[in-house]
Each structure stands twice: as structure tokens, then as C-alpha cells.
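Single-structure report; data block below.
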Amino acid sequence: MVAAETVFIEHLGQVDAYLGMGIKIVTGLILGSLVGYDREQKMKNAGIKTNVLICLGSTLYTAVSMLGHETGPLVLDPARIPAQIVSGIGFLGAGAIMQDRGNIIGLTTAATIWVVAAIGITIGYGFPVVATIFTLTILSVLRLLGPIYQGFESTKNHRYYHIEVLAHGDIKNYVKEIVFNITDRIDELHEEIVDKEKNIRHLDFYVYLHPKKMRIMGDELRDIVQVDKLHYHQIESKAFNKKYEE
């Protein structure tokens, strides 16, 4: 098989193979980092390194399959290797999903892994601009969809909840970010260092939101790597209001 001298890059057409592979690798590195940074900020298991490696791996596999397709006397199927990526990435996604006390957590992380692989495949086929637009769409969903949905949500069935979190390390800012992604109100957020040597901390706070949203927020908080235990329970609104009048 003769080595390919050119590869396809959208808007540029056929370019030198090394230049084209360089464009694909750099694009995969940048776009994988953008998605990974968002997940890293939210203290998810799949952070920057995981998402970058998934994006680069998908890009490389696809790009190599295209090189084999474009050179040599044999007719190769360029979709065969990417098809294996789609099925193989499911194992990583399944590993990110866990069950904790009847609650399923990690679904968003698993879905993110899946779409990052799709970004890599798109880059590998030579469409970095399309992959960039797709990445910005994903980031918009991860960042903006929750707040937008809150604007249309009725408070008719909202309840008051007392939440307690036991964690190793400082996660106060991450907890606040998750809470404010779901509701615009958080009350009495207290942090207490239980064990200074092991840096074990206890946080407790109150929120007012729909029971379904409470379950979602509970799953998001449990998904933080440093969280050891999470407990929440509904409280009466009268008792809640009385607490703040004292």
C-alpha cells in the first residue's frame, strides 16, 4: 500500500497528509479540552484528560481509516473502523453509569463521552468546522439548557429540602454551581471541617424546588468525585420559614 500524500479538509480541499493530520489532531485536542473543561469544573469523573483522549482516539482511528481508503489498489470501507468506535465507546459510557440507592447517576457523563467520540469521528473525516459547531452546541446544552428550562418551570409543586453532604476536600463552590444550575435559590449554606487531617468536610443547606429536580440535583451532587455521602429530606415550609425568622 502506498502512503497517502494528501488528505481532505473541508474548505481547504486536498492538503498535504502531514498538514491535514496536524489540523485534525490540534482540532481534536482543542474541542476535547473544551468539553472536558466543562465536566472538570463540575467535578465529574470524565474530566479533561478523559474527553481529550476519547476525542483524539476517535479522530486518529477515523483519519487512519480514511488514509487506507484513499490509497492502494484495494477498496476499503472507510466506515468500518468508525462503526467499531460507536459500539466500543458504549463500554466507556456504561462504566460511567452507576446505581446508588436506587438512583441512576452518570447518565449525562455517559452521553457526553458518546458525543465527544462523535466529535472525534467528524474531525477524522475532515470536517473540523462542523465538529466545532457541534461542540459549541454541546456546550450550550450543558451550560444553558438547565437555566432556560427553569424560566418556564412552575413553582406550584415545589418543596423545601434540607441537604447534607459529607466530602473529602473543598467542594463548596462546585456544590453551589450545581445548585444554581437547577435553582436560583440556596439558603443557609454552612461548611464545617470534621477532620482537619483528612480534610473531611460537612456541608448543609436548604433549597426550594420540584421533587423531580431534587432527585436530579441529588444525582449531580453524588456524581462529584469527592462526595462520600449525601442525604436530603423534605421539610415543612412553616418550619423552614420559622428557622429564618429566629
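No lab work stands behind these numbers, since they all come straight from the coordinates. Predicted model only: the values in this text are computed from it and were never measured. Please note: Cβ atoms are built from the backbone with ideal geometry, for glycine as well, and neighbour counts cover all protein chains shown.
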* Do any of K49/K196; K44/K156; K156/K229; K198/K229; K156/K176; K172/K229 go past 26 Å between their Cα atoms, and which? -> K49/K196; K44/K156; K156/K229
* When the convex hull of its Cα atoms is projected in every direction, mean area for the range 159-245 (nm²) -> 5.4
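Between E164 and A111, what is 0.36 nm times their sequence separation minus the Cα-Cα distance? Round to one decimal in nm. Present the calculation step by step, with values, prior to reporting the outcome.
Numbers: separation 53, 0.36 × 53 = 19.08 nm, distance 2.78 nm.
In short, 16.3 nm is gained.
What ranking of S58, S87 emerges when the number of other C-beta atoms within 10 Å of each C-beta is taken as an exposure proxy, fewest first?
Least to most surrounded, the residues fall as S87, S58.
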